[in-house]
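Enquirer: My questions all concern the structure below.
The values are calculated or read from the model by the stated rules, or taken from the named source; none is laboratory data. In this text the structure is predicted, and so the values were computed from the model without any measurement. Cβ atoms come from the backbone with ideal geometry, glycine included; neighbour counts cover every protein chain shown.
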Amino acid sequence: MLLNGSDLSLSQSSEAVLARLSEDLRRHTVPETHAAVIELATGIHLDVAGAAAELATLRAELTRQLRPVGLDAASTGTYPLSCPGQTRVTRGERYRMIADAMRALARREPTLALHVHVGIPDEEEAIRVLNRLRGAVPVLLALSANSPFCQGRDTGFASTRTVIFQGFPRTGTARRFANYADYVDAVDAMIASGALPDPSFLWWDVRPQPALGTVEVRVMDSQSTIADSAAMIALVQSLARLELEGEPAHRDVGPEVLAENRFLAARDGSNARLIDPIKRQLVRVGELAEATLATCRSHAAALGCTAELNQIHSLATANGADRQREAGLVELVSTLVERFAAPIGE
């Protein structure tokens, strides 16, 4: 999020900011729907450490280039203070199309998410990974929840971003697909009819990106620190490898249980108790995270991200939402600015 340095209010200035960035940084930045937000995009990496290091470099360089024009940057699921005036939509063609289609929904508060792409060249394997990751959505959301404040108040949710964003259509968790043909059949009527321009307008928690050859995980709140981002990236990568190289999932979670667990994760974050459909009991998300880590540990070792995956323990104890509440609303935004460009270990 772009912030005015004088009072840390949202700055509706993404187009002007993008126009003045250095050529190198501009290759890694794109506009978003809301003019107070830009997206930082890393390149393709073979390991988590490389992605985290580049993200740290991009954040530090963005901070350096914003300071001369009186701006700051920070990263969290929602802007925690009130947003006076109407939110401005970016003027790019894609975003005007979204504004025309979504009407008042496009002028809601900005929301920010961490998107992790997993490169999978085979379309059938991509659907297998999609199905595995959709079952992990509640745990991923609970661990990454980082937006307890909005409009200057505590909403009672750990991930207010999730609640706001699900006002859009085509959000939430996609159903399980039998294979790639089943996925194509499900979305083709919407695209062939012209109702949607392309699959990137399906804003599911986890979605295939056929044009990129990836499965994209989108359910996570944007993280305030590089270390938290690296931990979530490592978990996503390890879960994907678990599906491709390890044991298949024993049982698919029904859509009703998955939807309820998603709500509980957004509401309670690291304190959530989620439904175990086999035991028919509520289980602490910390227990589920530990069980997930146990199944992923050998895959993290193969991917070289054991250290990053181990940081999930910290998020299961106190995630971004917990730390925001501990900081308190008065000093929160300045704290988020400090965390944005801090080195990886801080």
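Enquirer: Out of curiosity, is ARG170 among the basic types (Lys, Arg) and outside any loop (DSSP other than H, G, I, E, B)?
Expert: Spelling it out, it is not the case that ARG170 is among the basic types (Lys, Arg) and outside any loop (DSSP other than H, G, I, E, B).
Let's see how each residue does on (1) of a type outside the set (D, E, K, R); (2) within 23 Å of LEU143 (Cα to Cα):
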residue: GLY172; (1), (2): yes, yes
residue: PHE177; (1), (2): yes, no
residue: ALA186; (1), (2): yes, no
residue: MET190; (1), (2): yes, no
residue: GLY194; (1), (2): yes, no
residue: PHE201; (1), (2): yes, no
residue: ASP205; (1), (2): no, yes
residue: PRO208; (1), (2): yes, yes
residue: ARG218; (1), (2): no, yes
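Enquirer: Pairs, please: C-beta under 7 Å, at least 6 apart or cross-chain, first residue more than 26 Å from ASN319 (Cβ to Cβ) and in region 232-258, second in a helix (DSSP H, G or I) and acidic (Asp, Glu)?
Expert: LEU244/GLU125
Enquirer: Within region 202-221, is even one residue touching a Pro at 6+ places or on another chain (Cβ under 7 Å), of a type outside the set (Phe, Trp, Tyr) and surrounded by fewer than 16 Cβ atoms within 10 Å (Cβ to Cβ)?
Expert: Yes: one or more hits.
Enquirer: Would you be able to tell me the number of residues in region 173-204 that are assigned to a loop (DSSP other than H, G, I, E, B), closer than 26 Å to VAL253 by Cβ and touching a helix residue (DSSP H, G or I) at 6+ places or on another chain (Cβ under 7 Å)?
Expert: Within region 173-204, residues that are assigned to a loop (DSSP other than H, G, I, E, B), closer than 26 Å to VAL253 by Cβ and touching a helix residue (DSSP H, G or I) at 6+ places or on another chain (Cβ under 7 Å) number 7.
Enquirer: With (1) more than 27 Å from MET1 (Cα to Cα); (2) at pLDDT 95 or above as the list, and ALA265 as the residue in question, which single condition is left unmet?
Expert: Only one criterion is unmet by ALA265, namely (1).
Enquirer: Can you report the number of residues in region 297-309 which are part of a helix (DSSP H, G or I) and closer than 13 Å to VAL236 by Cα?
Expert: Here the count works out to 7.
Enquirer: Something else: Restricting attention to region 1-39, report how many residues are among the polar types (S, T, N, Q) and part of a helix (DSSP H, G or I).
Expert: 1
Enquirer: Taking region 246-272, which residues are outside any helix (DSSP H, G or I) and either at positive phi or over 19 Å from the mean Cα position of the chain (by Cα) (or both)?
Expert: Scanning region 246-272 gives GLY246, GLU247, PRO248, ALA249, HIS250, ARG251, ASP252, VAL253, GLY254.
Enquirer: Can you tell me how many residues in region 27-70 are among the small types (Gly, Ala, Ser) and either under 22 Å from PRO110 (Cα atoms) or surrounded by fewer than 17 Cβ atoms within 10 Å (Cβ to Cβ) (or both)?
Expert: Number of matching residues: 8.
Enquirer: Still on this structure, I have one more. Checking the conditions here, which among ARG103, ARG107, ARG94 is more than 21 Å from the chain's Cα centre (by Cα), surrounded by fewer than 17 Cβ atoms within 10 Å (Cβ to Cβ) and basic (Lys, Arg)?
Expert: ARG103
Enquirer: Considering only residues that are over 13 Å from ARG153 (Cα atoms) and of a type outside the set (A, V, I, L, M, F, W, C), look in region 327-346 and name the one that is surrounded by the most Cβ atoms within 10 Å (Cβ to Cβ).
Expert: It comes out as ARG339.
Enquirer: Take region 229-261 and flag every residue that is more than 21 Å from HIS117 (Cβ to Cβ) and of a type outside the set (A, V, I, L, M).
Expert: Matches in region 229-261: GLU247, PRO248, HIS250, ARG251, ASP252, GLY254, PRO255, GLU256, GLU260, ASN261.
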